[in-house]
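So the structure is just underneath, and the comments pick up after that.
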Amino acid sequence: MSAVSFADLRKEDFFAMPIKKYIDKVPGGIMIVPLIIGALVHTLWPKLDIELSGVTGSFMTGTSALLFVFFFCIGTGINLKASGKIAAKGVTLLLVKVLLAALIGIVINMLLPVTGITSGVFAGFSTLAVIASFNAANGGLYTALMSTIPNREIDLAAYPFFSIQSGPFFTMLTLGIAGIGAFPWQALVSTLVPFALGLILGGLDPEIRKMFQPVGGALIPFFAFTIGYSMNFDMLLKSGIVGILMGVAVVFISGFVLYLADRYIVRSDGLAGWAASSTAGAAISVPVVIAEMDKTFKPVAESATAIVATCVLITAILTPIVTMWYYRRLQRKGVVPSDSTK
């Protein structure tokens, strides 16, 4: 063996590490692994972003800025000819998820008082916690999952149409404590802007599309870390078994219903339904907002917040696992998942 080949062998053996290969073995790993790392870092060093400050500290709390760039890049790859399909899918997912949350909330409200269960193993379980957990899907998680699977342009572009579910509006509407005047239209517009900019510029100039479309995937681990850093593993202890069970219920109940809607109403393959079976991080703030507007919910606001926070964490881990399991199931059946606009 020559000196050159031996040197190359040593370099390959000791310096080359198949990190991404191992990450890819985890369902949705490109999203989940950095998210868990972010949550772990925040649990062990909750003020690390302040201590580091500057560029690194700003990155740790810069989820919105990163998502803006990510959505812009995704927008550049959208084909304008598919706008009808995009709207149909987005509106369907929106209506089904909100109506499901309302139906479950109404049933729970018939069985429990407003303050829910106040003692025992299921302490904190309430109508407010249920509706807030089921109402909104994690948009960053949804788009990350769809962008890691080939030919999902319609699924990706549909997100702005059902992003309106994030925030307190539909929860307040469902509970009957707020009117149309509380509609958070700013949040909807804010979500649409990066998509619209990317869609317009990518449609006008193929070179812009060529430049930015591949960048979206590379941003996933970065904003996944920031989402994780906004969480804390202590949330699991505060909400206990209720929060964990709520997360499992959100994924499998809403996921199955959304799968049916995507499969039989939209006439797609159902993959988007499972990818939307999560709880948005924005839902964590909902119980507090509701309690401020209606003091009746004040006693249950804190426990509901802990449950929703745990639900966000559990669904962020479980939704990618279930979605990728279903994706691989379609592949094994010889079905090539595709919702392409091309």
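The values are calculated or read from the model by the stated rules, or taken from the named source; none is laboratory data. Quick caveat, the model's predicted, so the values are computed rather than measured. What goes into the accessible areas is simple: the full protein's heavy atoms, side chains included, and nothing from ligands, DNA or RNA. Shrake-Rupley method; radii C 1.70, N 1.55, O 1.52, S 1.80 Å.
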Long-range amide H partners of Ser278, meaning residues 5 or more apart or on another chain whose placed amide H is closer than 5 Å, are Asn138
Karplus ³J(HN,Hα) for the range 203-219 (6.51 cos²θ - 1.76 cosθ + 1.60, θ = phi - 60°; Hz, whole; x = Gly/Pro) runs x, 6, 10, x, 5, 5, 4, 4, 6, 9, 4, x, 6, x, x, 5, 7
Contour minus Cα-Cα span, Val193 to Tyr264, at 0.36 nm per residue, comes to 22.5 nm
Carbon and sulfur atoms account, in whole percent of the 1.4 Å probe accessible area of the range 200-265, for 73
